[in-house]
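Right, one structure below, let's go through it.
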Amino acid sequence: MQENPEPSLLDYLKARFLPRRRAVRVSLSQEAQGPSAEVEAPAQVRRGWFWLLLPVLYGLLAQWFLETDRGDLPLGTLMLYAMALVSYAFLLRKEAHLFEVPVVQVTPPPDALTFRPRPLFLALLFAILAFLTFGGNRFTPLNLSLWGLSLLFYFGALWQWSGWEGVDRLRAWLAAPEWKFSLRREHILLLLALGVAVFFRLYRLDTVPAEPFSDHAEKLLDIYDVTQGEWSIFFPRNTGREGLQMYWTLLVARLFGTGLSFLSLKLGTALLGVFTLPYLYLLGREIGNSRVGLLAMFLGGIAFWPNIISRIGLRFPLYPLFTAITLYYLLRGLRRASRNDFLLSGLFLGLGLHGYTPFRIVPFLVVVTIGLYHLHVRQQEMRRMAWLGLILIALASLLIFLPLLRYALENPQMFSYRAFSRLTSQDVAIPGFWLWVFLQNVWRALLMFHWDDGNIWVVSVPHRPALDLVGGVFFLFGLVFLLWRYGRQRAWQDLFLLLAIPILQLPSTLSLAFPDENPAPNRAGGAYIVVFLIVALGLDVFLRCLENQGWKRLAQGMSAILLLLALGQNYSLTFQTFDQQYRLGTWNSSEMGAALKQFFLLGGSPESAWIIPYPYWVDTRLPGVWAGIPNRDFALWPDQLEQSLAVPPPKLFIYYPDDQGSAETLRRLYPQALVHRFSSSIQGHDFYLFYVP
């Protein structure tokens, strides 16, 4: 009997398809496999795949309970999350070698302090002249020209030119007889992810959200003023606003032919949300890798929180847009010791200050970032480079901010009113000791991602987590990963990501006089940039653990399942849940506008059509927007109804069904009138049409 019989085909199949068994080295016969073929079955590589999935299963279950159980924080759910985090941390410990931050040694260029004196002097001269001519809260051809020249000379004095190599390469490529392109799988995935994200930003934009509210009326009046030649630097209407959205919306309205309308406002802000997507990808690649960038862009593109604030037609997406661009060039500048990146960071930092008031916290974040870099990097040359970069950023942003600086010095109360009305007791007393109120606000803001995003229904789905199931789970996993890696390696980038979120939430948490407005998803909108970077990091780490254990196909399947789950839930939250609640919460000014438009087509005049105001009813300026008259308020108050007798017919009055006093007055003044109750498509939104022929 042979002591070492040749293994059979059955032995080979067992070794090949039963990975939990000990590895068996099998030498098949020449007839079966060829000469001297050896196959070694994977031994420990695929062991324990179920245990690798446990953190995600525990986390999804816990987050689902948090979404569905809206009472007090349940202890069982917290225990589930604790189990998820512990098992995720165990994965990190087992795969620690995969996640080290690469140490990149960069030597600043020897001419780090050089500049061109003559252009820099001209930049200073033109900046002073521009500042002197920016008075009166007006842009003029003169001060715009001076301002533009100061920027041109500033960047010309400090920009590090690399010659015309790029232009020469492009020219050579265009002149080549054959154009060659390389398309990798990463490029296809990037295009698909971007396409889906753009779809979420723009799909059904004409109907979601359906109706404007008073803030939109104020914006359209500001834009109308611009069309009448009032090129304001700061728009003081309705407690004051920076002007970038007004000029951007006017450009969008003219490019797309949408006029001064609610759609123009929505299209303008949705495009700002689209422009944010590439920088989410670039930031993810900067702090992680290409897959982190892809996941951040995809998940941030489909998430309901960024989509709602991008679609609403107000200034809100300007905050995350310029936050993403500013931080990208800042982080890249620190990594590459690149003066040009610092200049670009300062450029977009200054532009952001013309956008949405909460962005005023970003300069503070830039300073904190430089400070973190200084504390963690030991090379004196790199520290010196970082502080020089901060100076370049500050000067560039100051030049961009110049018009608003002049306005702020002339009108300090109006410029700061919107912020200080929330921060101080300027209008309403702070309800308690300010520090305690602030700490409570910070706690609630940190809970918004997994528990309660507040009660501002026009920019959220109230009282549910600001993140979906997948986003909530992997955001926590990403936080654990950053804390774990920072404890091991002390990488400044990890601490930057951890601190950036509460800093970018400060415009919400500093609402001390009105703590009920916190958390405010719009005022904390800049934080979603960092949030989805951390979500992407958490997911990428999980997938890398699976791949390193030999479960590459499982990693691909899990990523597909998780992304489809996120896509489906966010679609439902944006286009169903938010859409329905928003329609119930806003008044149907579009249907009133359609009635006005029909009245005008039948020979009526805007001077003979009125809407009778009623408490907590429609803003009487909004129906005119739908009727193509954005600059008219159709209000006629109940005590002014008799004044309508002097206006020749036909006449049209629109009033609220519960306004019986106005109805009786109208019947007394016009007994021959025709009365019709308009049945709205939204329950509880009917109104009366009172027509005088």
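The values are calculated or read from the model by the stated rules, or taken from the named source; none is laboratory data. The structure presented is a predicted model; accordingly, all values stated were derived computationally and were not measured. Here the Cβ positions follow ideal geometry from the backbone for every residue, glycine too, while neighbour counts run over all protein chains shown.
Hey, could you check the stretch 236-272 for residues that are of a type in the set (Phe, Trp, Tyr) and closer than 28 Å to GLN413 by Cβ and say which is surrounded by the fewest Cβ atoms within 10 Å (Cβ to Cβ)?
TYR247
Considering each of LEU152, LEU192 in turn, give the residue that is exposed (fewer than 13 other Cβ atoms within 10 Å of the Cβ), within 34 Å of the chain's Cα centre (by Cα) and not β-branched (Val, Ile, Thr).
LEU192
Identify, from the list ASN143, ASN137, the residue that is more than 20 Å from PHE115 (Cβ to Cβ), touching a strand residue (DSSP E or B) at 6+ places or on another chain (Cβ under 9 Å) and not assigned by TED's automatic domain parsing to the domain that holds HIS354. Break it down stepwise before answering.
Details: ASN143 fails: touching a strand residue (DSSP E or B) at 6+ places or on another chain (Cβ under 9 Å).
Unique residue meeting the criteria: ASN137.
Among the numbered conditions (1) touching a Gly at 6+ places or on another chain (Cβ under 7 Å); (2) free of Cβ contacts under 8 Å to residues at least 40 places away in the same chain, tell me where ILE629 comes up short.
Status for ILE629: all satisfied but (1).
Condition first: in contact with a helix residue (DSSP H, G or I) (Cβ under 6 Å, 6 or more places away or on another chain), more than 25 Å from PRO141 (Cβ to Cβ) and assigned to a helix (DSSP H, G or I). Can you find one or more residues in the stretch 236-243 that meet it?
Among the residues of the stretch 236-243, at least one is in contact with a helix residue (DSSP H, G or I) (Cβ under 6 Å, 6 or more places away or on another chain), more than 25 Å from PRO141 (Cβ to Cβ) and assigned to a helix (DSSP H, G or I), which makes the answer yes.
Results for (1) in contact with a strand residue (DSSP E or B) (Cβ under 9 Å, 6 or more places away or on another chain); (2) part of a loop (DSSP other than H, G, I, E, B), shown as yes or no for each residue.
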position: PRO615; (1), (2): no, yes
position: VAL625; (1), (2): no, no
position: ASN631; (1), (2): no, yes
position: GLN643; (1), (2): no, no
position: PRO649; (1), (2): yes, yes
position: ASP658; (1), (2): no, yes
position: HIS676; (1), (2): yes, no
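Of all residues being acidic (Asp, Glu) and either modelled with pLDDT under 85 or more than 19 Å from ARG444 (Cα to Cα) (or both) in the stretch 61-94, which is surrounded by the most Cβ atoms within 10 Å (Cβ to Cβ)? Just the residue, please.
Residues of the stretch 61-94 acidic (Asp, Glu): 67, 69, 72.
Right, trim to either modelled with pLDDT under 85 or more than 19 Å from ARG444 (Cα to Cα) (or both) and you get 69, 72.
Numbers: ASP69: 12, ASP72: 6.
Step by step, filter the stretch 61-94, then rank; the result is ASP69.
Let's see how each residue does on (1) farther than 26 Å from GLY684 by Cα; (2) among the aromatic types (Phe, Trp, Tyr); (3) in contact (Cβ under 8 Å) with a residue 12 or more places away in the chain:
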position: TYR571; (1), (2), (3): yes, yes, yes
position: LEU584; (1), (2), (3): no, no, yes
position: GLN598; (1), (2), (3): no, no, no
position: PRO615; (1), (2), (3): no, no, no
position: LEU622; (1), (2), (3): no, no, yes
position: PHE634; (1), (2), (3): no, yes, yes
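Residues in the stretch 207-246 that are of a type in the set (Lys, Arg) and touching a strand residue (DSSP E or B) at 6+ places or on another chain (Cβ under 6 Å): how many?
Number satisfying all stated conditions: 1.
Condition first: at pLDDT below 95 and under 30 Å from TRP587 (Cβ atoms). Can you find one or more residues in the stretch 364-381 that meet it?
No, every residue in the stretch 364-381 fails to be at pLDDT below 95 and under 30 Å from TRP587 (Cβ atoms).
Suppose we filter the stretch 460-479 for residues that are assigned to a loop (DSSP other than H, G, I, E, B) and more than 14 Å from THR577 (Cβ to Cβ); how many remain?
Looking only at that region, the number is 1.
Looking at ALA560, is it surrounded by 22 or more Cβ atoms within 10 Å (Cβ to Cβ), hydrophobic (A, V, I, L, M, F, W, C) and at pLDDT 95 or above?
Values: surrounded by 22 or more Cβ atoms within 10 Å (Cβ to Cβ): no; hydrophobic (A, V, I, L, M, F, W, C): yes; at pLDDT 95 or above: yes.
No, not satisfied.
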